[in-house]
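Working notes, structure below.
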Amino acid sequence: QALVDELAARFDLRMTQRQAIPAHVTLKYHFETDDIAPVERLLADFAGGHAAAPVTVGQFGHFDENVVFATVTFSPAAQMLFEALGTALRQLPWMPWSPHDGARLRPHMTLVEHCRPRFAEVWRHLAGRARHFPAALDNLTLLRQTGTDEDGLTRWATHQTFILDRAHGPGGGARPPR
């Protein structure tokens, strides 16, 4: 989060910062439903049956010089967890799958978006600053779109977090939003 704030202040690129979403790795892109309960049950059961898995955060990358991110490298255990989650979510026949979901997903943590006009400056600023550090894929969090602000910025809030906690069994890791 500190790097998101630094880039927002230094380059006046505040979209990612203004969204105020906690640091995260997207494992499934957005979807719409009138009934979230089946997703909640599926994620609670999944989280209760799976343990956390290590990942490494480091290096910087970008999408089309418009989004800059920190890469997230899955360990073999995290890759298996990710694939199992995809398999579980496919049990919901209405769930949409974008071209960026599933096997084509590039795990990352977004640092700055809509940066094309200042991309070269941002990229130079980050040169030599990559640090690899261990982290864990230890929860699944459902975000809920809460609307858009006057600038058209999409707003999100935490709906529910499911702790990956094999020790407590299905449903044992569900936690309401803070």
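The values are calculated or read from the model by the stated rules, or taken from the named source; none is laboratory data. All values derive from a computational prediction rather than experimental measurement. All Cβ positions, even for glycine, are placed from backbone atoms using ideal geometry, and neighbour counts span all protein chains on display.
A few remarks follow.
- Any chance Arg90 is closer than 13 Å to Thr26 by Cβ and of a type in the set (D, E, K, R): no
- When Ala8, Ala20 are checked against the criterion of being at pLDDT below 90 and closer than 30 Å to Arg118 by Cβ, a single residue qualifies: Ala20.
- Strands (runs of 3 or more DSSP E) (entirely within the stretch 47-149) containing at least 1 residues that are exposed (fewer than 13 other Cβ atoms within 10 Å of the Cβ) and of a type in the set (Ser, Thr, Tyr): 139-148
- Pick from the stretch 23-46, criterion in contact with a strand residue (DSSP E or B) (Cβ under 7 Å, 6 or more places away or on another chain) and over 20 Å from Asp101 (Cβ atoms), ranking: surrounded by the fewest Cβ atoms within 10 Å (Cβ to Cβ): Ala23
- Complete set of residues in the stretch 4-18 that are in contact (Cβ under 8 Å) with a residue 40 or more places away in the chain, buried (at least 17 other Cβ atoms within 10 Å of the Cβ) and within 17 Å of the chain's Cα centre (by Cα): Val4, Thr16
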